[in-house]
1. Considering only region 50-69, state which residues are of a type in the set (D, E) and in contact (Cβ under 8 Å) with a residue 24 or more places away in the chain.
2. Would you tally the residues in region 71-115 being out of contact with any Gly (no Cβ under 6 Å at 6 or more places or on another chain), surrounded by 13 or more Cβ atoms within 10 Å (Cβ to Cβ) and either within 21 Å of T143 (Cβ to Cβ) or of a type in the set (S, T, Y) (or both)?
3. Can you list residue pairs whose Cβ atoms sit under 8 Å apart, with the first residue in region 72-90 being without any contact (Cβ under 8 Å) to a residue 40 or more places away in the chain and of a type outside the set (S, T, Y) and the second being part of a helix (DSSP H, G or I) and surrounded by 17 or more Cβ atoms within 10 Å (Cβ to Cβ)? Count only pairs 6 or more apart in sequence or on different chains.
4. On the given criteria, is E92 charged (D, E, K, R) and modelled with pLDDT of 95 or more?
5. So which of E41, E66 ends up being modelled with pLDDT of 95 or more and of a type in the set (D, E)?
6. Identify the residue in region 50-60 that is surrounded by 14 or more Cβ atoms within 10 Å (Cβ to Cβ) and touching a helix residue (DSSP H, G or I) at 6+ places or on another chain (Cβ under 7 Å) and, among all such residues, is farthest from L167 (Cα to Cα).
7. Take the residues in region 159-187 that are surrounded by fewer than 16 Cβ atoms within 10 Å (Cβ to Cβ) and touching a strand residue (DSSP E or B) at 6+ places or on another chain (Cβ under 8 Å); name whichever of them is modelled with the lowest pLDDT.
8. For D135, all conditions in the list (1) touching an Asp or Glu at 6+ places or on another chain (Cβ under 9 Å); (2) under 17 Å from A63 (Cβ atoms) hold save one; what is the number of the exception?
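The values are calculated or read from the model by the stated rules, or taken from the named source; none is laboratory data. Quick caveat, the model's predicted, so the values are computed rather than measured. Here the Cβ positions follow ideal geometry from the backbone for every residue, glycine too, while neighbour counts run over all protein chains shown.
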Amino acid sequence: MIRPLMLLDVDGPLNPHRAATPPTSGYQSFHLDGDSFTDPEGRPWQGGLRVWLDPAHGQMLRALAEMADLVWATAWEHLANKLVAPVLGLPELPVIHFPHRNSYPLNQIFKRPEVEAFVGDRPFGWFDDDFQLGDYEWAAERTRAGRPTCLRWIDPAVGLTQRDVDLLAEWLDDPFGLRVLEHDGAGRD
C-alpha cells in the first residue's frame, strides 16, 4: 500500500496568527529574529516576528506520522524545520518550495501547483487556513480518480485542534475508502 502524506502549514494551523489575543490552551509566545524572515523585497522584517506555538501539537503530529509521512507545505519553507520543528519536537521534515507565491489562478490556494507536483498520485491530507472553493472541488476530483485527498481547513484565529487531528487520523486509517470530509461554507465540520 502507498503510504499517504500529511501536509502541514504553519501560519493558521500551528501559529493562530489571526487570534486577537494569545490563545489560551498551551500556546506559548515566541519572538523570532528578524534576520530569519524577509519581506517580498528580501529585506529583514523589522523587529522580527511574534508567533504562538503549542508544544502539544508536536505529540499530535507525531501520532499522525505513524500513519503518514509529514511534509511542510508552508511559506516558511525550510524555516519551519529551523524554527518551528524544534519547539514542537518534530524531526526535520521534507519541504515543498513555493517560488510562485504571487501567481496563481483565482479560486485556489497559491500552493496548489507545487503541492500537486510534489504529491503526484499519492494520497494526502492537508492542514491549511487558505483553501478556496476550487481546492475542495479539486480534492473531490482527485479522490474520485483514485488519488485520495483530504483538505482540512483550520481556523487561523483558533489553530489546530485535537478534533482536526482526530478527523485526519480517521481518514488516514482508510484513505482509499474514497471518503471526503464534509465541511460547511467556512470549511469546518
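1. Selection gives D54, D69.
2. Selection size over region 71-115: 11.
3. From residues that are without any contact (Cβ under 8 Å) to a residue 40 or more places away in the chain and of a type outside the set (S, T, Y), the pairs are G89/G58; L90/G58; L90/L61; L90/V84.
4. Judged against the criteria, E92 is a match.
5. Result of the check over E41, E66: E66.
6. Once the filter is applied, the top-ranked residue is L53.
7. Selected residue: A186.
8. Among (1) touching an Asp or Glu at 6+ places or on another chain (Cβ under 9 Å); (2) under 17 Å from A63 (Cβ atoms), D135 violates only (2).
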